[in-house]
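Visitor: Structure provided below as structure tokens; questions to follow.
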Amino acid sequence: METENTFALLLFASLRDAAGADVISVHLPGAEPATVAGLLRAVEEQCPAIAKWLPHLRVAVNCAYATPETPIKPGDEIALIPPVAGG
Amino acid sequence: METENTFALLLFASLRDAAGADVISVHLPGAEPATVAGLLRAVEEQCPAIAKWLPHLRVAVNCAYATPETPIKPGDEIALIPPVAGG
Amino acid sequence: MIQIVETELPISEVTRAASAELGDGAGAVVTFVGTVRNLSLGHRIQYLEYSAYEPMAKAEMQRIVGEVHRRWALPCAMAHRLGRLQVGEASIVVAVASAHRKEAFEACHWAVDEVKSRVPIWKKEVAVDGFWWVEDPLGGAPGTADDA
Amino acid sequence: MIQIVETELPISEVTRAASAELGDGAGAVVTFVGTVRNLSLGHRIQYLEYSAYEPMAKAEMQRIVGEVHRRWALPCAMAHRLGRLQVGEASIVVAVASAHRKEAFEACHWAVDEVKSRVPIWKKEVAVDGFWWVEDPLGGAPGTADDA
């Protein structure tokens, strides 16, 4: 039986408005070690409304910017960061 | 008969302390047009206490830095400016 | 010192915090204050609304302060304001203190650049005829004022 | 706006003066504040005494403001304090406002460099064991405290 892990992704600003939600869930196969790259592939497949945003987003894991190789595990705080405009 | 023009030179800070005066007078021949260069030659001859300062000084004429070629005339406000230390 | 505030920016406090760390060794304090510009000429802007992913924004500001300390060995302090701001109000202040002005200018400029490129804060402009996110990558049609 | 004062420096006023000239177009204000350092470690400094060739100092500050305006088309404001200052007190403030921060940093740094190299202001350090002029070209023996 295949297991799955569910990840909640925080959304902000223009991305939050586009998705109409401040958090979305994606599911990854539980059998293999999860990374940010795998997470983004899952977003592309499971969240069509956000797919076209992906080239513009950075991913934060536990309040720090992550790379595609960054490992993730259930319970991590994960956020999709659209282009920032502070200052 | 040879005429002379007298110029008063304002002194400041370390130079004022060294000269023991806040103003000195020098005399230039009145026959030729006076310049800052001529003034400095007169200082060298007439004010031995200041001669050794000359390489370190700038000259201001009417509240603006002057060059050796700057013309001067009696009544101009002339100052010898030692190295500044504002800020 | 890093702060995120919803009220008027503590500009003097940030400047003092940076210079206090150096004590009598501080000869120079460079302070950057960013104020809200009217970016959308032609629209009558009512106000700007700043929002943040706040725990990460604080963490990222703290990392920038740490990097200034490692790279220049200088104290840096900063504060950012969130919520509604009018055009002309101050949204950000960054201060760096140093014995020497060249390093203070360099480090402060670098820190401001980093804040603007890395700290997860966003702003939307709200006008009488709609609102839009600054830096919206897909440049969607403005929402209506009622959505603001 | 340029000012020479004998009391506490009007730092906020100088910053506001620079940004007010740009109105809603100002997105960045860079402010430099110079504070009195203890330059003569090993001596117990009592205070510093700043003096100026005041009419020329004002004219030279005004020329620097004019050059910032010509070179960057940006407003610059500055103030310098004279008289007795304690270590740690602010002696100079220079502010430049701009729509864009890069130019504000550049122009403010340039203006501070110019003030320090051109404006006829001098300072002497007064310690319990004598006084001396900072930048005294002939480095004369310190005077006695009674001369201060």
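Rule-based calculations on the coordinates, nothing more; no lab input. Predicted model only: the values in this text are computed from it and were never measured. When we count neighbours, we look across all protein chains shown, and the Cβ atoms used for this are built from the backbone with ideal geometry, even at glycine.
Visitor: Normalised radius of gyration for the stretch B:36-87, please: alpha carbon Rg relative to 2.2 N^0.38 Å, two decimal places.
Guide: The value comes to 1.14.
Visitor: Find the Cα radius of gyration of chain C, compare it with 2.2 N^0.38 Å by division, and give the number to two decimals.
Guide: Rg over 2.2 N^0.38 Å, computed on Cα atoms: 1.14.
Visitor: What's the Kirkwood radius of the stretch C:44-112 in Å, using all Cα pairs?
Guide: Taking every pair of different Cα atoms in the stretch C:44-112, averaging 1/r and inverting gives 13.4 Å.
Visitor: Could you tell me the calculated FRET efficiency between C:Val128 and D:Glu13, based on Cβ-Cβ distance and R0 = 25 angstrom, to the nearest 0.05?
Guide: FRET efficiency, C:Val128 to D:Glu13: 0.15.
Visitor: Defining the label point at 7 Å along Cα→Cβ, can you sort the distances from B:Arg58 to the same site in each other copy, shortest first, in nm?
Guide: Distances to the matching label points in the other copies: 4.5 nm.
Visitor: Which single residue of chain A puts its beta carbon nearest to the axis of rotation relating A to B, and what distance, in whole Å, does that give?
Guide: So the chain A residue sitting closest to the axis is A:Gly87, 14.
Visitor: Considering only the label points, 7 Å along Cα→Cβ from Cα, what distances in nm to one decimal separate D:Gly130 from the same position in each other copy, shortest first?
Guide: 7.5
Visitor: Taking each residue in B:54-64, count the Cβ atoms of any other chain within 10 Å of its Cβ, then average. What number comes out?
Guide: For this peptide, the per-residue mean of nearby foreign Cβ atoms is 3.
Visitor: Further, regarding this structure: What are the ³J(HN,Hα) couplings of the stretch D:17-24, residue after residue, when phi is run through the Karplus curve with 6.51, -1.76, 1.60 and θ = phi - 60°? Round to Hz, x for glycine and proline.
Guide: Going residue by residue, I get 4, 5, 6, 4, 5, 8, x, 5 Hz, with x marking Gly and Pro.
Visitor: May I ask you to compute the full-extension gain from B:Ser25 to B:Lys73, defined as 0.36 nm times their residue separation minus their alpha-carbon distance, rounded to one decimal in nm?
Guide: Value of the extension gain: 15.9 nm.
Visitor: Ignore the peptide's own chain and count Cβ atoms of other chains within 10 Å of each Cβ in D:115-125; give me the average, rounded.
Guide: 5
Visitor: Order these by the 10 Å Cβ neighbour count, fewest first: C:Asp129, C:Asp24.
Guide: The fewest-first ordering by Cβ neighbours comes to C:Asp129, C:Asp24.
Visitor: Between the label point of D:Thr7 and that of the same position in each other copy, find the distances and list them shortest first in nm, with every label point placed 7 Å from Cα along the Cα-to-C-beta direction.
Guide: Copy-to-copy label distances for D:Thr7: 2.8 nm.
Visitor: Next question. Add +1 for every Lys or Arg and -1 for every Asp or Glu among the other residues with Cβ under 11 Å from the Cβ of C:Met1, and state the total.
Guide: -1
Visitor: Using all Cα-Cα distances in the stretch C:1-52, what percent lands in each 5 angstrom bin from 0 up to the longest?
Guide: In whole percents, the pair-distance histogram is 4, 13, 21, 17, 14, 12, 8, 6, 3, 1.
Visitor: Which aspartates and glutamates does C:Lys58 reach when only Cα atoms under 17 Å apart count, and residues fewer than 8 places away in its own chain are ignored?
Guide: A:Glu77, C:Glu6, C:Glu67, C:Asp113, C:Glu114
Visitor: At 7 Å along Cα-to-Cβ for each site, give me the label-to-label distance between D:His100 and A:Leu54 in nm.
Guide: About 3.5 nm separates the two model spin labels.
Visitor: Next question. Over all alpha-carbon pairs in the protein assembly as shown, figure out the percentage whose distance exceeds 32 Å.
Guide: Here the tail beyond 32 Å accounts for 53 percent of pairs.
Visitor: Another question, then. Looking at the axis that maps chain D onto chain C, which chain D residue has the closest Cβ, and how far off is it in Å, rounded to a whole number?
Guide: D:Thr31, 2
Visitor: Across chain A, what fraction of all alpha-carbon pairs, as a whole percent, falls in each successive 10 Å bin from zero upward?
Guide: With 10 Å bins starting at 0, P(r) equals 17, 55, 24, 4, 0, 0.
Visitor: Take peptide C:54-64, look around each residue's Cβ out to 10 angstrom, count Cβ atoms belonging to other protein chains, and average those counts.
Guide: Across the residues of C:54-64, the mean count of other-chain Cβ atoms within 10 Å is 3.
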